[in-house]
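Student: Let me begin by handing over the structure; questions about it come next.
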Amino acid sequence: MSVANDDENKVFGIVFRTPPKNSTGIPHILEHSVLCGSRKYPLKEPFVELLKGSLHTFLNAFTYPDRTCYPVASTNTKDFYNLVDVYLDAVFFPKCVEDFQTFQQEGWHYELNSPEEEISYKGVVFNEMKGVYSQPDNIMGRVSQQLLQEYLTYLSFLQALSPDNTYGVDCGGDPNDIPKLTFEEFKEFHSKFYHPSNARIWFYGDDDTKERLRILSEYLDLFEASAARNESKVMPQKLFKEPVRIAEKYPAGQEGDLKKKYMVCTNWLLSEEPLDVETELALGFLDHLLLGTPASPLRRILLESGLGEAIVGGGVEDELLQPQFSIGLKGVSEDNIEKVEELVMQILKNLAEEGFAPEAVEASMNTIEFSLRENNTGSFPRGLSLMLRSMGKWIYDMDPFEPLKYEQPLQQLKARIAEKGSKAVFSPLIEKYILNNVHRVTVEMQPDPEKASRDEAAEKEILKQVKSSMTQEDLAELARATKELKDKQETPDPPEALKAVPSLSLQDIPKKPIHVPIEVGEINGVKVLQHDLFTNDVVYSEVVFDMGSMKKEHLQLLPLFCQSLLEMGTKDMDFVQLNQLIGRKTGGISVYPLTSSIKGKEDPLTRVVVRGKAMSTRVEDLFHLMNCLLQDVQFTEQQRFKQFVSQSKARMENRLRGSGHGIAAARMDAKLNAAGWISEQMGGVSYLEYLRDLETKIDQDWDRISASLEEMRKSLFSKEGCLINITSDSKNLEKSGQHIAKFLDALPSSPSLGSDPWLSRLPSVNEAIVIPTQVNYVGKAGNLYQSGYQLNGSAYVISKHISNTWLWDRVRVSGGAYGGFCDFDTHSGVFSYLSYRDPNLLKTLEVYDGTAKFLRELDVDDDALTKAIIGTIGDVDSYQLPDAKGYSSLMRYLLGITEEERQQRREEILATSVKDFKEFADAVETINDNGVVVAVASPDDVEAANKEKSLFSDIKKCL
């Protein structure tokens, strides 16, 4: 499909239908592997070269249960066509089908460094999926998906029946099954499915449509027709004749009461046949009505029931052949397991009988219609969002345009609601697709503190048997193959291979940074920043308050305070009515704390941001509702506040398992600078500890907590600490002034109360955060400014180069981690190393400590240096929609970053030299001895690290 329009953010994607027959992860491993060299680009990883040296606005690939997508995007036409060519060559002519070592590296292999040592499994996908299978929510989602599709054959497994369709297996790969995949199967899968006959190709943007066809013809003309399209068809699952219930165990830690850590999720397969577009749209509205906001009845009543701590299940999911609906709770007591499904069914029955409040329907209608018309995809290219929507039909040989045409079905749905009432529209949907649908699978997840260690022991036993079955010659050969693979991984590509990858020159790069118009003025004595940008008649606004006058003792209460503003009621409206009013009148309002270091200043930036958007005709409503939230919300709902605490605790525990690198980064930051300490108190391990303690005290301490929330309101929200940021076109900016003035008139004037010092730190010691996991998240960091480093724009180039070469090669490619990277916070001076889903701990730290040596010995030629500079400019000039441009300009204003400084840093980036790399080595070397280490890791790996090196002074068991 070739979509031509005036969007400069051009998108290309090629999608293959790739239904797997088992859980060896074959489509996932192939997705990784095809980007590791091809016919025209015979280096180890052209993908990484593109990461290093292109202006891409999107560059990735992803595996669905039935298809594999390869999308790219760029605003630069020359760069865009370079990306397209590399991807086309990669998918059709990859080296991996002839290179067993790529299969080993990306998929799995036995690793043996010497015949005397133990054998281990290594592989990027293998360790990625180990991380996935360490997270209870992921396990539940995968079990639910598979059982919805294959339970009938699951019941009759002894008859050796195959699953009814492809969704009954895990396309990503089960770590227990991945080692069963052979290289021959891998090659055959590519040969069978990666063919033009089985491809859907998408172009979008303002480039030449004839040039698109010319590029494609270079590849497609080389192939004959094949039967792949017929062989890859996904057959629908026939609906069950009765509901099913199953229990699975998940790895749980020893912390807390295990009897309160159950999870229950009920799932429906909604239809055996594809749905028409109006029914799909109506189901989307129904999903929003049921679950889309905190006031939505299914979400609200489940949480208010006290049966669990947080919602699980994603509601309606319609991106696969057959839509499904999932809902449940986590943090359920053993005694309440049966009650969850009963309550879900009762709520849905009541809603089918009684219907939804007209205000709720209007709010959902406005929210969804606003979202469709605004088409705000954030940093995700709009063309890619459209491509993925289109593929939801096209991949199944249906009309690819249907998902893109929302206007007519939307008007038809609105007309039906207006004519017959919402009950006549939504109640039949609830009854047909949910209540009367027996294709229902309820999954109960049971906490098992021994599961992680059992799984680890089982893996070791398998590997022990593998080794015992080998002769000495076999072991010597395996050790040789292990060394050969590592040697290949650590050997740089030859210059001639690197030159094959197309790239831009510095002449293609704009010499000036992207300009965002800003006008600083005042209304009623309050600073107002205005950004004159085309926004399609939407007005975006941020109201920013200084939190400097807030007491330090209230800091950890701040996230809950922000949630309370949005999810408690006023004197005149309960929170449901208030939430519905926001949905009816605006595009949404959010409230959150904002913290950052400010370069050259000891005191950090600490703010509370109230962010909202509305159509230009609703700006008065937007500011009225913001004022209502800030001044009229009553902090009196003890039980709702208790729910907030439970939900926040559940989210933090999930972050520990799924985003351990973020937890480690926050913890290191808290040891190295004040802004980091503040952020960690509100979103790290310290916050989790606070929530657990607070949860036990709410009932006896509610009066004190409620009084603290009220005191926080008085200290935060006043004219004196306020700044307003607004983004829209000039006409709407001018009109908004009167509404801003009215909003400011209603704000109280409060002289600053003064505050406690905010310059705290956590103890600067090495720390292990212990959780039940099969993979680790390893961090090390130090403050370069405190070691004497003076910021130069070259640091951006060098940091990116370290991530894309040294850390990628040693932590990911050789080490087997899913990710390894570094980050330099130029505001604070903190330089951090981090790994993600990492089988190692000490080995990864050794890689970090080798960075300075790597930089000193680095031989960077002009081409490599140019690529590094261009890639950095691509990051600096990342594509932004108007609201993001206005927000970025606000952040620069708050941080004191001038246009002159932006220009200076850009010139320094463009002038980066080999000498800068050598000098930066001295700066990062100080981290080797003076840095702090934080690892979110398994108990066994922490124990082994301390046994070998006495690494961790502080060990926290968090799950």
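Each reported figure results from applying straightforward, stated rules to the coordinates on display, with no laboratory input. Computed from a predicted model, the values in this text were never measured in an experiment. Cβ coordinates were reconstructed from backbone atoms using ideal geometry, including for glycine residues, and neighbour counts include every protein chain displayed.
Student: Would you work out which of LEU688, GLY107, SER217 lies farthest towards the positive end of the dipole of the chain, given +1 charges on the beta-carbon of Lys and Arg and -1 on that of Asp and Glu, about the Cα centre?
Tutor: About the Cα centre, the residue reaching furthest to the positive side is LEU688.
Student: Given the alpha-carbon gyration tensor of segment 519-746, what are the semi-axes of its equivalent ellipsoid in whole angstrom, ordered largest first, with each equal to the square root of 5 times an eigenvalue?
Tutor: Semi-axis lengths for segment 519-746 are 30, 22, 17 Å.
Student: Roughly how many Å is it from the Cα centre of segment 821-871 to that of segment 943-957, as a whole number?
Tutor: 25
Student: Which of the lysines could a cross-linker bridge to LYS460, judged by Cα under 19 Å and excluding same-chain residues fewer than eight apart?
Tutor: LYS122, LYS130, LYS180, LYS451
Student: Among all the lysines, which ones have a C-alpha under 21 Å from LYS78's C-alpha, if same-chain residues fewer than 8 places away are not counted?
Tutor: Result set, ordered by chain and number: LYS10, LYS40, LYS52, LYS210, LYS499, LYS511, LYS512, LYS867.
Student: Trypsin sites (Lys or Arg not before Pro) within segment 496-547: which are DSSP loop residues with at most 16 other Cβ atoms inside 10 Å?
Tutor: Those that pass, being in a loop and sparsely packed, are LYS511.
Student: Could you work out the Rg to Rh ratio of segment 47-86, with Rh taken as the Kirkwood radius (inverse of the mean 1/r over all Cα pairs)?
Tutor: My calculation of the ratio gives 1.02.
Student: Can you bin every Cα-Cα distance in segment 429-583 into 10 Å intervals starting at zero and give me the percent of pairs per bin, rounded to whole numbers?
Tutor: For segment 429-583, the pair-distance distribution reads 6, 10, 13, 15, 16, 25, 11, 3, 0.
Student: In nanometres, what is the gap between the two model label sites at THR471 and LEU220, each 7 Å from Cα along Cα-to-Cβ?
Tutor: 5.4
Student: Given Cα pairs under 8 Å that are at least 6 residues apart, what percent is the relative contact order of the chain?
Tutor: 15 percent.
Student: Let me ask another. Note down the nm distance, to one decimal, between modelled labels 7 Å out along Cα→Cβ at GLU8 and at ASP397.
Tutor: Inter-label distance under the simple model: 4.3 nm.
Student: Where does the chain land on Rg/Rh, using Cα atoms and the Kirkwood Rh? Mind dumping the intermediate values first?
Tutor: On the way: Rg = 28.1 Å, Rh = 29.9 Å.
A ratio of 0.94.
Student: Run the helix sum for the chain: -39,500 (n - 2.57) per DSSP H stretch of 4+ residues, divided by residue count, reported at 222 nm to the nearest 500 deg cm²/dmol.
Tutor: Values: 36 runs with 448 residues, N = 959.
So the calculated ellipticity at 222 nm is -14500 deg cm²/dmol.
Student: Kirkwood hydrodynamic radius, segment 687-781, all distinct C-alpha pairs: what's the number in Å?
Tutor: Roughly 19.0 Å, rounded to one decimal.
Student: Let me ask you something else. Can you tell me the order of 889-897, 225-233 when each peptide is scored by its average per-residue count of other Cβ atoms within 10 angstrom, highest first?
Tutor: In decreasing order of mean packing, 889-897, 225-233 become 889-897, 225-233.
Student: Which whole-number percentage describes the relative contact order of segment 264-369, with Cα contacts under 8 Å and a sequence gap of 6 or more?
Tutor: Answer for segment 264-369 is 32 percent.
Student: Pulled fully out, how much extra length does the chain show between ILE598 and GLU98, if you take 0.36 nm times their separation in residues and subtract their Cα-Cα distance?
Tutor: Result: 174.8 nm gained on full extension.
Student: On a C-alpha basis, how far is the centre of segment 468-542 from the centre of segment 68-132 in Å? Whole number, if you could?
Tutor: For segment 468-542 versus segment 68-132, the Cα centre distance is 17 Å.
Student: Give, to the nearest whole percent, the P(r) tail of segment 60-133 beyond 22 angstrom, counting all Cα pairs.
Tutor: Summing the P(r) of segment 60-133 above 22 Å gives 44 percent of all pairs.
Student: For a protection proxy built on the mean count of beta-carbon atoms within 10 angstrom, sort 854-865, 535-546 highest first, please.
Tutor: Order by mean packing, descending: 535-546, 854-865.
Student: Evaluate the distance, in nm, between pseudo-label points positioned 7 Å from the Cα of PHE62 and of TRP702 along their respective Cα→Cβ axes.
Tutor: If labels sit at PHE62 and TRP702, their model points lie 4.2 nm apart.
Student: Hey, with R₀ at 45 Å, roughly what FRET efficiency would LYS432 and LEU258 work out to, going by the Cβ-Cβ distance, to 0.05? Present the calculation step by step, with values, prior to reporting the outcome.
Tutor: Numbers: r = 39 Å, r/R0 = 0.87.
About 0.70, to the nearest 0.05.
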